[in-house]
Structures are given as structure tokens and as C-alpha cells.
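The values are calculated or read from the model by the stated rules, or taken from the named source; none is laboratory data. None of the values given here were measured: they were computed from a predicted structure. Cβ placement follows ideal geometry from the backbone for every residue including glycine, while neighbour counts extend to all protein chains displayed.
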Amino acid sequence: MSDNKTFLITGVSTGLGRALARAALAAGHRVVGTVRTPADARAFEALAGDAHARILDVTDHDAVDTVVDETERDLGPVDVLVANAGYGHDGLFEESSMDDLRRQFEVNVYGTVAVIKAVLPHMRERRSGHIIAVTSMGGLITMPGLSFYHGSKFAVEGILETLGKEVAGFGIHVTAVEPGSFRTDWAGRSMIRAPRVIADYDELFEPLRARRIHGNGHQPGDPDKAAAAVLRIVAADRPPTRLLLGTDALQLVRAGRDAFECDMLAWAELSASTDFDDVSRSA
């Protein structure tokens, strides 16, 4: 039996999506990749290997259903879904609008969920498949100026963890892939930056924004190595629920978890004091 699989990867024009598509093609897999423009579609299909481009805006949920159904009908079962399309909103909470929040969630949360919901019935019927969503270390820890982005990624993390428990009995694996800082366009053209208007935040935020801008292109993470890591978990019999990518992700998430544990332990007595007395006595 062939080990070659059919991948559906959203957002393959650049970044981690592109690196993963190239790696999967080089390994002999078929890749259906979604892009936003005809030019990007032609460029993707020019890659060596079994590459099939589909023009798709993941916020168009009817179009998502159509692309998935046509892929299943014309190219065969989707074995691996990688929901990768997304962008970052860089802006302080008070300086970012409700429309900014709505757009961030439309793409990062609703778009991701729409693609998963389109693929899931096919996988459930076959009792097999692997659903992967690219979230971020920012779905587990936070930094000033990224509240809307963090909110969207925290939401996807919760959805994926729950989904994994719901579909485990159907032979379907679910993995959240959480990259740290990689040399992609995330901090460049894939980031929307809210205008600065409140001087009170200048001392806190201006150095952070400058560091993100000037650090773009110098991030520690190698997209090709990230792609190789994702292919390893696709080939695993028991893939992880979460996969951090990058030493910065490991360090920052570990520090965040340590801080949470310190708070939890420091206030444990108060936390436990909120049960009914008969519950507390029986515990």
C-alpha cells in the first residue's frame, strides 16, 4: 500500500504553508493548495510534483465547501488537512477597533473552522484522517500589542483540543501546530498594524512594534525545518495533540506555564474556599 497521501493546505502562497507544500510534494504526496489570486495559482502549480491550486478565500464558507467537495470528487480523499491561512493584527487593545477584531476572527477562527467542518464528514465516514491547524505560540502565551491575534489563536486552540476528544474514536487525529518566530511574511506583509493614537502607551509599545518590524527576516525559525517536522507527525502512528516549533516557543511557553502555576499555587486556598462546605469536607 502506498504511503503517499493527499494534503489540503490553505494559504500556500508564502510562509509555512508554502514550505510545507514544497516538502510534501518532494516526498511524493499530492497537494491541493489554496491561494488568493490566479497568479499565485499558476506559480503553485508550476512547482515540481503533484500540485493542484484552488483559489479560495476561507471567509467564503460556501466556497470552502465547494473546494473540499470538488477535491474529494476529482482528486480523491483528503488524508491530511492543514488549516494554515491566517494573519496577525498588531495593535494595542484600546487602539484597535471592533471591525479589526471581527476581521481577525473571520479569518483566523471562522475560516479555520469552516475548512475543518467541510473536511470532517468525509474523514469521519472513512474513519481516518489527520486535521492539523497552524495556530501559534501566541495561542498559549501573550505579548502586549497582540490581544486580538492572541484571542483568535487561543480560540482555535480550545476548539482543536475539544475536537480531538470528540473524533478520537473515529480514527481521526487532531494536532495544533504552534510556531514561534519564523522567517516568513507573518511580521511583514501578512500583518495588519493599527494606527497609534494614544500617547500613554508609547513607552510600552513603541519599542515592541519597532522590534517586530526590524526583526522581520531575522527570526530564528527555519520554515523548511518546520515543514519537515510537520511531515514527521503526519507519518507518526500517534501524533501529538500539540506541537511547538522553535526554541523560542519552547522557552516562552514554558515560562508562561510556570507563571500560571505560581499564581495557581499562591491562590489555591482561596480557589478551594468557594465550594459548598459539604463538598469541601468530603474532598
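Listed values, structure above:
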| quantity | calculated |
| --- | --- |
| The stretch 272-283 residues that are of a type outside the set (D, E, K, R), paired with ones that are modelled with pLDDT under 80 (beta carbon under 9 Å, 6 or more apart) | Ala272/Ser280; Ala272/Ala283; Ser273/Ser280 |
| Some residue of the stretch 54-68 being of a type in the set (S, T, N, Q), within 21 Å of Asp224 (Cβ to Cβ) and either at pLDDT 95 or above or surrounded by fewer than 14 Cβ atoms within 10 Å (Cβ to Cβ) (or both) | no |
| Single residue of Pro179, Pro121 found to be surrounded by fewer than 20 Cβ atoms within 10 Å (Cβ to Cβ) and not aromatic (Phe, Trp, Tyr) | Pro121 |
| Qualifying position, being in contact (Cβ under 8 Å) with a residue 60 or more places away in the chain, farther than 21 Å from Phe154 by Cα and in the same structural domain as Ile233 (by TED's automatic domain parsing), among Val115, Val134, Val119 | Val119 |
| Residues of the stretch 226-250 that turn out to be out of contact with any Phe, Trp or Tyr (no Cβ under 9 Å at 6 or more places or on another chain) and part of a helix (DSSP H, G or I), as a count | 12 |
| Yes/no for Gly17 being on the phi > 0 side of the Ramachandran plot and either in contact with a strand residue (DSSP E or B) (Cβ under 6 Å, 6 or more places away or on another chain) or buried (at least 18 other Cβ atoms within 10 Å of the Cβ) (or both) | no |
| Considering residues of the stretch 251-283 that are of a type outside the set (Gly, Ala, Ser) and in a loop (DSSP other than H, G, I, E, B) only, the residue farthest from His150 (Cα to Cα) | Phe276 |
| Checklist (1) within 30 Å of Met143 (Cα to Cα); (2) of a type outside the set (A, V, I, L, M); (3) out of contact with any helix residue (DSSP H, G or I) (no Cβ under 7 Å at 6 or more places or on another chain) applied to Phe93, failing item | (3) |
| Test: residue in the stretch 66-74 that is of a type in the set (Val, Ile, Thr), assigned to a helix (DSSP H, G or I), farther than 27 Å from Phe182 by Cα and free of Cβ contacts under 8 Å to residues at least 60 places away in the same chain | yes |
| Filtered residues of the stretch 215-251 (kept if within 17 Å of Gly15 (Cβ to Cβ) and without any contact (Cβ under 8 Å) to a residue 12 or more places away in the chain) | Lys225 |
| Residues of the stretch 141-166 classified as surrounded by 18 or more Cβ atoms within 10 Å (Cβ to Cβ) and farther than 12 Å from His89 by Cα, total | 8 |
